[in-house]
Amino acid sequence: MPRFLPPGAQGKPLAPAAAFLLVVAAACSAGHADPAGDGRERAEAGDLRVHRGRFEDRFLLTGQLIAVNSDNLVVPRIPSWQTTVRWLEAEGAVVKAGARVVEFDTASFAANLAAK
């Protein structure tokens, strides 16, 4: 199968790549020349001032916290799927097994039980 190359590139297959690399190298070094040779800018003696202060690190952290230990809470089925919560344990509170964490309004249950 014949290979087609542009005119003038038959004998130099790496010439376009070398030219591209030369242009990239020139662009990367543009504006970074240091005629003085030491790499530091000279500052006047009155331009710099040092003062003691409080050093503060500030970090913005984002993400999601996942509990190491947790348990699932299951609510028994009720005839009406909507009910009112009368009391709820504070968020993040440590509770023991069997402790009350939520109390539902029982007025609708009492009315249904009295009717039966």
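The values are calculated or read from the model by the stated rules, or taken from the named source; none is laboratory data. Since the model is a prediction, treat every value here as computed from it, not as a measurement. Quick reminder, even Gly has a Cβ in these numbers, built from the backbone with ideal geometry, and neighbours come from all protein chains shown.
Some notes on this structure:
- Segment 85-97 residues that are among the basic types (Lys, Arg), paired with ones that are in a strand (DSSP E or B) (beta carbon under 9 Å, 6 or more apart): Arg86/Val102; Arg86/Glu103; Arg86/Phe104
- Residue check for Pro13: at pLDDT below 75 and surrounded by 10 or more Cβ atoms within 10 Å (Cβ to Cβ): yes
- Sub-9 Å Cβ pairs linking a first residue in segment 42-62 that is assigned to a loop (DSSP other than H, G, I, E, B) to a second residue that is at pLDDT below 75 and of a type in the set (Gly, Ala, Ser), at least 6 apart or interchain, are Arg42/Ala36, ordered by first then second residue.
Each row is one residue, and each column tells you yes or no for (1) part of a loop (DSSP other than H, G, I, E, B); (2) exposed (fewer than 10 other Cβ atoms within 10 Å of the Cβ); (3) out of contact with any strand residue (DSSP E or B) (no Cβ under 8 Å at 6 or more places or on another chain); (4) modelled with pLDDT of 85 or more.
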{"site": "Ala26", "(1), (2), (3), (4)": "no, yes, yes, no"}
{"site": "Asp71", "(1), (2), (3), (4)": "yes, yes, yes, no"}
{"site": "Arg86", "(1), (2), (3), (4)": "no, no, no, yes"}
{"site": "Ser108", "(1), (2), (3), (4)": "no, no, yes, no"}
